[in-house]
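Note sheet for the following structure.
Please treat every number below as a calculation from the coordinates, not as lab data. These numbers were taken from a predicted model, which means no experiment stands behind them. Neighbour counts are summed over all protein chains in view; Cβ atoms, including those assigned to glycine, are modelled from backbone coordinates with ideal geometry.
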Amino acid sequence: MNIICSDQTIGWIGASPAGPQDQRNRATRLRRTGAFLESKPRTGCFTCYPRSRAKNHGRACPLRCRDVELSFDDVGSGPCVVLIHGHPFDRSLWQPQVEVLATEFRVVAPDLRGFGASPVTPHLVTLRGYAEDVEELLTRLGIERAAAVGLSMGGLVVMDLATTHPERWWALGLVTTTVEPVTPQERAVRRERADLLERDGMHVLIDYMHTGLYGPLAAPEVRSRVDTMMARAPVAGAAAALRGRAERPDYRPRLRELDIPTFVCTGSEDPWSNEAVTAEIIDHLRRPELLVVEGAGHLPNLEAGDVFTPSLIEFLARHAPR
């Protein structure tokens with residue numbers, strides 16, 4: 001196992017070996033390379049145009065994925081990286097990473113069905129359902145292989161993608177997620193919370209998220225931005241995801257079979273993806289690389305972007321297809 005480490009506690013770190021200032025300088029240099037400016041952003045929510053028309057307009061052709069029309073961002077060029085948001089968020093969760101990653105990679109960031117600008121499928125959406133939407137999106141965009149990075153529930157979607165079609169992925173990112181199988185108690189709690197959410201509104205879920213979402217590094221503007229993001233999530237979409245997560249499979253046996261480099265990240269103050277939960281992820285991977293961000297909670301990409309983003313870029317750059 002490769003461990004990104006900058007102190008004497010193996011795997012549990014506050015910065016990468018380069019140090020925070022060098023990371024910020026690297027991110028600034030990446031923004032100034034011009035690659036992002038040379039590649040027009042492509043944004044879609046699906047109708048049916050020929051692929052050639054999409055190329056001429058410099059944006060992703062709106063393409064129907066199965067029975068929904070996913071909204072997505074598609075920016076940059078090079079090896080593809082897919083960023084999958086968690087619950088109850090949307091693709092704007094990844095906005096800081098999209099801007100920097102697009103200097104070196106083609107970045108696709110979808111709104112999962114039921115979130116952001118994508119249509120809602122009520123009652124229940126399984127993790128396989130979310131994964132099939134992503135697979136279809138990439139197929140319609142002509143992308144054969146990619147790296148998949150997911151946060152929280154997005155990490156579960158990444159596991160489903162990788163264990164179902166491992167040949168499609170050259171690298172994985174599992175951020176503040178879990179491989180623990182669902183227990184009968186958790187299944188009952190998620191179903192009950194979904195019912196309450198539909199009855200009483202999003203504040204039910206937001207109040208719960210506030211019990212562990214933010215670490216001490218979370219700036220007021222980050223908290224405000226994320227609270228706003230959660231508040232605008234469709235109730236039916238958030239409830240459908242809760243019920244789907246209550247039915248999640250045990251990915252552990254198939255994860256052990258994967259020979260794919262995997263970036264594993266959590267925050268030291270994340271009560272859900274804590275040290276024990278993250279250690280279990282590591283134990284079920286052949287090629288993990290661990291980053292634990294000191295002082296961050298469940299959203300290290302927003303709470304400590306100056307540590308998270310350069311570390312992710314460095315990992316992807318080392319493993320990208322040549």
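Quick check on the exposure proxy: order 103, 211, 262, 121 from fewest to most C-beta atoms within 10 angstrom.
211, 121, 103, 262
Which peptide among 175-182, 80-87, 265-272 comes first, and what is the full order, when sorted by highest mean count of other Cβ atoms within 10 Å?
Per-residue Cβ counts within 10 Å, averaged per peptide and sorted highest first, yield 80-87, 265-272, 175-182.
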